[in-house]
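Novice: Mind looking over this structure? Questions follow.
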Amino acid sequence: MRKLFFIVMLLCGAASQVSGQDMRALFLEAPENVFPLLSKSYRADLVDYIDAGMAAKVTNRLDGSCVLEELSHDYLRLATTASSSMQAKLLPVNGDTVICVVRNVKAEAVDSRIYFYDKEWNVLDGSGMFIFPSIRDFFVSDSPADEWTDACDIYLVSLTLSATDNILVAEYTMPAYMNVDEAEKIRPMLRKLVYRWNGGCFVIQ
């Protein structure tokens, strides 16, 4: 009996450790304000479906569809509606872990917002963890940036978290709203910006 009790305690300790570090457990245990369109039971269904190799799709609270597109020990990608999605990534910081969440909304173009949480899903001050680039930063040189200042007057940026490493890619998406001729001219002048997590913030490469 004492041996059985010891084994149970070890398993409980292991489960507690996974709960604090593993994206699967964090997704299942998150408060509903983090995933307002998905109840905890629906999140559990999504995980069960993806484990079974099935399409991980459920009906959300707006009577649309939520699709869990990817889930690993430290990464999640979720289509929350037909026009919105989110990614989450576990990042190391000072011997601990933060959760980086990118929320995307798409009309003609994708626009993103980024948030940081602790392992209890409390919102952190992320102002020093990622600084949004300026529109000018996306141009390969200053000269065309000056020429296109009037056309590029709306700040729309898509952020993509890597599923395999601690990389964040930023892309200026305003050209999707331009007429075809303008978009074709400006796209070759733009570049994607690649950031790497250094243990405390994302720094540009």
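Novice: State to the nearest 20 debye the size of the charge dipole of the chain about its Cα centre, where the only charges are +1 on K and R beta carbons and -1 on D and E beta carbons.
Specialist: Numbers: 19 positive and 27 negative charges, 185 e Å.
Using only the charged Cβ atoms, the result is roughly 880 debye.
Novice: Counting only other residues whose beta carbon sits under 10 Å from that of L28, what net charge do I get with K and R as +1, D and E as -1? Don't skip to the answer; put the middle values down first.
Specialist: Details: positive: R24, K40, R43; negative: D22, E29.
Its environment carries a net charge of +1.
Novice: Give the aspartates and glutamates reachable from K192 as a straight Cα distance under 15 Å; neighbours fewer than 8 places away on the same chain don't count.
Specialist: The reachable aspartates and glutamates, counting only those whose Cα sits under 15 Å from K192, are D111, D137, E171.
Novice: Now a separate question. Report, ordered by chain and residue number, the lysines lying within cross-link reach of K119, taken as a straight Cα distance under 23 Å and ignoring same-chain residues fewer than 8 apart.
Specialist: K40, K89
Novice: Using a 1.4 angstrom probe on heavy atoms only, work out the carbon and sulfur share of the accessible area of the stretch 140-205 in %. Display every interim value, and only then the final one.
Specialist: Numbers: 1840 of 3700 Å².
Carbon and sulfur atoms account for 50 percent of the accessible area of the stretch 140-205.
Novice: I'd like the FRET efficiency for W121 and N179, computed as 1/(1 + (r/R0)^6) with the beta carbon distance as r and R0 of 30 Å, rounded to 0.05. Write out the running numbers ahead of the final one.
Specialist: Numbers: r = 43 Å, r/R0 = 1.42.
With a Förster radius of 30 Å, E is 0.10.
Novice: Can you give the FRET efficiency for Q205 and K57, using 1/(1 + (r/R0)^6), R0 = 35 Å, r = Cβ-Cβ distance, to the nearest 0.05?
Specialist: On the way: r = 35 Å, r/R0 = 1.01.
After rounding to 0.05, the efficiency reads 0.50.
Novice: Gain in length, V140 to A44, computed as 0.36 nm per residue apart minus the alpha-carbon separation, to one decimal in nm? If you can, show how the numbers build up before the last one.
Specialist: Numbers: separation 96, 0.36 × 96 = 34.56 nm, distance 4.49 nm.
Extending this stretch completely gives an extra 30.1 nm.
Novice: Can you match P(r) over Cα pairs in 5 Å bins from 0, in percent to one of these, [x] 1, 7, 11, 13, 13, 13, 13, 11, 8, 5, 3, 2, 1, 0; [y] 1, 7, 13, 16, 16, 14, 12, 9, 6, 3, 1, 1, 1, 1, 0, 0; [z] 1, 7, 16, 19, 20, 15, 11, 6, 3, 1, 0, based on a calculation from the structure here?
Specialist: Matching entry in [x] 1, 7, 11, 13, 13, 13, 13, 11, 8, 5, 3, 2, 1, 0; [y] 1, 7, 13, 16, 16, 14, 12, 9, 6, 3, 1, 1, 1, 1, 0, 0; [z] 1, 7, 16, 19, 20, 15, 11, 6, 3, 1, 0: [y].
Novice: To the nearest 0.05, what FRET efficiency results for E32 and A163 with a Förster distance of 22 Å applied to their C-beta separation?
Specialist: Working: r = 25 Å, r/R0 = 1.14.
Result of the calculation: an efficiency of 0.30.
Novice: Moving on. Can you tell me the orientation of helix 40-51 relative to the chain, as the angle in degrees between its alpha-carbon axis and the longest Cα principal axis, to the nearest 10?
Specialist: 90 degrees
The values are calculated or read from the model by the stated rules, or taken from the named source; none is laboratory data. Keep in mind that this is a model prediction, so the values were computed, not measured. So basically every Cβ, Gly included, is an ideal-geometry build from the backbone, and we count neighbours across all protein chains shown. Calculation scope for accessible area: heavy atoms of the full protein, side chains included, ligands and nucleic acids excluded. Shrake-Rupley method; radii C 1.70, N 1.55, O 1.52, S 1.80 Å.
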